[in-house]
1. Looking only at the range 153-198, how many residues end up being surrounded by fewer than 22 Cβ atoms within 10 Å (Cβ to Cβ) and under 17 Å from Val36 (Cβ atoms)?
2. Inspect all residues belonging to the range 538-556 and state whether any of them is touching a helix residue (DSSP H, G or I) at 6+ places or on another chain (Cβ under 9 Å), in a helix (DSSP H, G or I) and not aromatic (Phe, Trp, Tyr).
3. For the range 390-411, what are the residues that are within 14 Å of the ligand (Cβ to nearest atom) and under 17 Å from Ile102 (Cβ atoms)?
4. Show me the helices (runs of 4 or more DSSP H) entirely contained within the range 274-346 in which 2 or more residues are away from the ligand (no atom under 16 Å from the Cβ).
5. Answer yes or no as to whether Lys446 is of a type in the set (Lys, Arg) and more than 25 Å from Leu404 (Cβ to Cβ).
6. Please state which of the following conditions Leu406 fails to meet, knowing it meets all the rest: (1) modelled with pLDDT under 95; (2) within 21 Å of the chain's Cα centre (by Cα).
7. Quick one: count up the residues across the range 347-382 that are assigned to a loop (DSSP other than H, G, I, E, B), in contact (Cβ under 8 Å) with a residue 24 or more places away in the chain and away from the ligand (no atom under 16 Å from the Cβ).
8. Within the range 333-353, track down each residue that is more than 14 Å from Ala302 (Cα to Cα), buried (at least 23 other Cβ atoms within 10 Å of the Cβ) and out of contact with any strand residue (DSSP E or B) (no Cβ under 7 Å at 6 or more places or on another chain).
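The values are calculated or read from the model by the stated rules, or taken from the named source; none is laboratory data. Values in this document were obtained by computation on a predicted structure and should not be read as measured data. Methodologically, a virtual Cβ is constructed for each residue, glycine included, from the backbone with ideal geometry; neighbour enumeration extends over all protein chains shown.
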Amino acid sequence: MCGIIGYIGNENAVPIILDGLKRLEYRGYDSSGIAVMNEDGFDVVKQKGRLSALEELVTRSSVKGFMGIGHTRWATHGEPSDINSHPHLGSQNKVAIVHNGIIENYRQIKERLEQKGIEFVSQTDSEVIAQLAEYYHAGDIVETVIRTANALEGSYALGIMCLDEPDKLIAIKKDNPLIIGVAEHGNFIASDVPAVLAHTNKVYYLNDKEIAILTKTGVEFYNMDREPIHKEPEIITWSLKSAEKGGYEHFMLKEIMEQPKVLKDTIQSAAGDGDNRRIIESLDISKFNRIVITACGSAYNAGMVGRYVFERLCRIPVEVELASEFRYKDPIVDYNTLVIIISQSGETADSIAAMREARRRGAVTLSIVNVIGSTIAKETDYTLYTMAGPEIAVATTKAFSAQLALLYILAVAFAKKLNRISDEEEGRLLSEIASLPDKAAEMLEKFDAIQKYAVTCVGCKSIFFIGRNIDYAIAMEGSLKLKEISYIHSEAYAGGELKHGTISLIEENTLVVAISCCEGLYEKIYSNVEQVISRGAKVLFIGNCIKAVPGEKLEIIELPKINEMFASSLSVIYLQLFSYYVAANKGLDIALIIESMHRTYEKQIFP
Ligand code: BG6
């Protein structure tokens, strides 16, 4: 996820673009840049680091112009650096672009262009767009954009300027958002409404493969056959503040809602033709006799889910260790051990220390990380990136889902390499995984039952989460999420463990959240549900194989059917929403608005 903005009009584009970038910073903040067109060509200022650094640089320069594009980046290809920052130019400096998305066939395009003598300066997938557009350009910019878009595989939202067309700003998109804003003094392209709301509330939403040609005075739309299309503008009624969160009250809810897209991007990168796939293919799993997963917090819980899937599919012993404990336990790892480190930020001090300890002992390390160029990503032997985009809310949601997706795909790939599953079985498992984004989207379209139930739980003093097998692992995440944001005491238990003491804490109206997606264990978990109800508990029963009927003490919420190994990805969505709505209805704004950008810093300083 990145943020893009463009302006063409009667005013100086520079302050307008900088202001728009500030409002898009939640979409990416590892680097930023701006390009404006003037009589001599493009003036480009871009650099690694937070937007405030760019602002300072631009203020010191004399950059000025009536048309420009800007970008705030969250790296997905090529680490954050000045060179990899956008905008990107073709090597003849004739075309400048900003891009949000992932170009899957960028390697092929790059190789082709390099063979023709074109020199690339960055490691990004985005530069190929500028180079290709310049290569194709024969005087007609619309034709150039159509040819370029036709050659691209993947997702993109693009802002394009071409020196031959000094009075046109061009936009096109596929699978990533782009809006066109229309104001008195000029016209805009932007990734999201907040970037333009200070100037106009009249916007057009661009559909996939629609082209917008903006001039100072108007905007025209075309399809890929160059036929003009008519679009109706929409009038935005949100305030600027709520618009920054896409209309959601908190970033946490916005990020929960982004999960179908994050799952899609992550699955594509690992099971399709992305960089993650190439890394997975290059790993020789046959030399490992054990896997150790180490992480903190929710990432540790993702590892717990992963362990069940790896062991079932690969029949390799897997241990999951808290990163904060790992280095103090004289861990048994050597060159026959694959150590997987999971971390959204890639900067959690304990996870870094665990990774270094594993390396010191000769283990092969593989990280599952969200932040490109982070310490863990850089220092491990292999790195898989979760395609979650920046996660602003401190309570992780979408990055956790992306971690699960990568663990599933890794387990399937290892099982295949070890000949534990046939080609057909591999195909079946991958298509189940590929169904996750649609099933997640379906759940997020009708979540009123979980929302209503959560409202009734705000007064709870203590909430228990139970499950068996993989459902127990995801119960741990449900419990952690709830404590973290609602400040309600909570515990997760394997259903069978309740009877060994904990059951005595269950009393009249204690809430127990039970999860049931492991069909073979349904009767077992149901018997735990009956036990706690008989002690007066009320139960929220979430699952996709539940046969019970709801009652005074029993609320049932159904999940879509899916292979039980991957069902945690669905149950966690309602567990996240449950925690969110309990916290929101308790009025716990503080917990919900803490932003992880600041936490990352804390994590490094205070291990
Ligand atoms: C905690 C966060 O501080 O760190 C959790 O609250 C997160 O949500 C944990 O899972 C680990 O962070 P990371 O960046 O290593 O995944």
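1. 7
2. Checking the range 538-556: not a single residue is touching a helix residue (DSSP H, G or I) at 6+ places or on another chain (Cβ under 9 Å), in a helix (DSSP H, G or I) and not aromatic (Phe, Trp, Tyr).
3. Pro390, Lys398, Ala399, Ala402, Leu406 - these are the residues of the range 390-411 that are within 14 Å of the ligand (Cβ to nearest atom) and under 17 Å from Ile102 (Cβ atoms).
4. On the way: elements: 275-282, 297-314, 323-326.
Those helices (runs of 4 or more DSSP H) span 275-282, 297-314.
5. Details: of a type in the set (Lys, Arg): yes; more than 25 Å from Leu404 (Cβ to Cβ): no.
Considered against the rule, which asks whether it is of a type in the set (Lys, Arg) and more than 25 Å from Leu404 (Cβ to Cβ), Lys446 comes out as no.
6. (1)
7. Qualifying residue count, the range 347-382: 3.
8. The answer is Ser345, Thr348.
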